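Peer 1: Mind having a look at this structure? Questions to follow.
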Amino acid sequence: MPRSTPDSPEPAPAVASLRPVSALESVRARILVALRLGTLRPGDRIRSAHVVAAGLDASEITTRRALESLVADGTLVRRRGAGGGTFVAGEPTIPADAAVEALFAAGSTARELVDSRVLMESALASFAAQAADDAAIASIRDAVDLGEAATDWAEFHAADRAFHHAVARASGVDRLDTYFAALESLYAYFIPYPIEHLHASNDAHRRILEAIVAGDRALAADEARAHVAALYDEMFFAL
């Protein structure tokens, strides 16, 4: 399940629905939704369970079981030898799955979380443009560079979290529990995306960083608001 730190409270349930959804079902559902929407495509390589677990904020054991179940369904295939690994099948089976339907049904919940982040992140970026010291700016820059170096969605997820945490801490706001709760709750709806899409998101991170470095509070707020508001058009409920 998602990790918890003093600054990162336990997120809301991974899929909001009328029945409980297990962690394994949540991992399966988010991969199946990505396939249904085309953000994962036939032939795409699936990284190791360890990397995928980090990308989807799940345990490695749960993720391994979810991937094995998708192989059994014919959604994913395993190849041996040089260049082997786990891949999306050439003609993947996308089974009917109640957890997938629950994820789509959770669109209104995800939109509400985006609403909250739009307000909070624009304010935090503005405050960071006034309050950030050299150490805070270095932390934000490191996260942006990590995102630029990411080669797939699973790697990028860690960089994205590091960026938003660094900006929040740079704001000088003492109590960030509400913001971190909204951030982590929305991460529960994260699905795999093509890396080129995520690198474009990281370009927005860099613009926010540049505004903070310049001490331009209005620009930092505008860039942060535009970056988060893009989720209305980019998340699973809009694709």
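Bear in mind that the values in this text are calculations on the coordinates, not laboratory data. As the structure is a prediction and not an experimental result, all values here were calculated from the model. No Cβ is skipped: glycine too gets one built from the backbone with ideal geometry, and neighbour counts run over all protein chains shown.
Peer 1: Taking into account only those residues within region 180-239 that are among the charged types (D, E, K, R) and over 18 Å from F156 (Cα atoms), which is surrounded by the most Cβ atoms within 10 Å (Cβ to Cβ)?
Peer 2: E223
Peer 1: Taking region 150-166 only, how many residues are in contact with an Asp or Glu (Cβ under 8 Å, 6 or more places away or on another chain) and surrounded by fewer than 20 Cβ atoms within 10 Å (Cβ to Cβ)?
Peer 2: 1
Peer 1: Does L146 fit the bill of being buried (at least 21 other Cβ atoms within 10 Å of the Cβ), farther than 29 Å from S108 by Cα and either of a type in the set (K, R) or over 14 Å from the mean Cα position of the chain (by Cα) (or both)?
Peer 2: Considered against the rule, which asks whether it is buried (at least 21 other Cβ atoms within 10 Å of the Cβ), farther than 29 Å from S108 by Cα and either of a type in the set (K, R) or over 14 Å from the mean Cα position of the chain (by Cα) (or both), L146 comes out as no.
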